[in-house]
1. Considering only 77, 194, 16, whose Cα is most displaced toward the positive end of the charge dipole of the chain, charges sitting on Cβ of Lys, Arg (+1) and Asp, Glu (-1)?
2. Apply the Karplus curve 6.51 cos²θ - 1.76 cosθ + 1.60, θ = phi - 60°, to the phi angles in the range 151-156 and return the couplings in whole Hz, x for Gly and Pro.
3. I want the local charge near residue 137. Using Cβ-Cβ distances under 13 Å, sum +1 for each Lys or Arg and -1 for each Asp or Glu among the other residues.
4. Among all helices in the chain defined by DSSP H, which have a length of 27 Å or more along the axis from Cα atoms plus a Kyte-Doolittle mean of at least -1.0?
5. Give, rounded to the nearest 20 debye, the magnitude of the charge dipole that the chain has about its Cα centre when Lys and Arg contribute +1 at Cβ and Asp and Glu contribute -1 at Cβ.
6. What is the distance in Å between the Cα centres of the range 1-56 and the range 130-179?
7. So who's got an amide H within less than 5 Å of the one on residue 75, skipping anything under 5 residues away but keeping other chains? H placed 1.01 Å off N, in plane.
8. For the chain, what is the Kirkwood estimate of the hydrodynamic radius, computed as the reciprocal of the mean inverse distance between distinct Cα atoms, to one decimal in Å?
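What follows draws every value from the coordinates through simple rules; no lab data is involved. All values derive from a computational prediction rather than experimental measurement. All Cβ positions, glycine included, derive from the backbone under ideal geometry; neighbour counts span all protein chains shown.
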Amino acid sequence: MTATARFARRELILGGQKSGKSRRAEELAAAWLAADAGHQAVLIATAEAHDDEMRARILRHQQDRALRVPALRTAHAPRDLAAALAALSQADTLVVVDCLTLWLTHWLMPYTAEDSEPNKAPAPNWPAQHAHFFEALAGAAGPVVLVGNEIGLGVIPLGREVRQFVDALGTLNQGVAAACDRVTLMAAGLPLCLKGST
């Protein structure tokens, strides 16, 4: 078995808030980098900072990543994830996408600075972006690790927009899971393999 054979070509890591899913993705990136001196790794971040708390959170994540995986480069693609994935994927490069949930949020509940409130009108070209993303995922030359939230385990939300978002995220997660060789569910920092081998 080669050093890279243990890495899934496509892996989806799901979990709740602070479940350890981002840390798990970083560990995979670190292992990929350690497996071969010619390997590279890049994280596509989808978060955007619209307030001080989010700015501080993003900065903390950046600082923590720099300590844990210094060679993990970062790219920022809050909306055009398909183009970023297509541009960055190479046979020797592991791409981490963190996270699918925020990417979906930017499309279905876009933020408007004018009133400091989420705009509830979904972007009309979301179906095209969705299709472009799956094309880019299928065409990626190297391994891809995708991080997303599992938010459908709690009570049913009262608001129509939130229910629509939960449904859309569940549909996205199912599609990504079907396209991946391995699916891992994180809970309390522990991985549970739902699909593929560990």
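1. Sorting the options by dipole projection puts first 194.
2. Residue by residue, the range 151-156 yields 10, x, 9, x, 5, 5 Hz.
3. Working: positive: 9, 10; negative: 11, 135, 181.
With Lys, Arg at +1 and Asp, Glu at -1, the net is -1.
4. Span-like helices here: 160-179.
5. 560 debye
6. Using only Cα atoms, the two centres lie 17 Å from each other.
7. Sorted by chain and number, the residues that satisfy this are 43, 44, 45.
8. 17.3 Å
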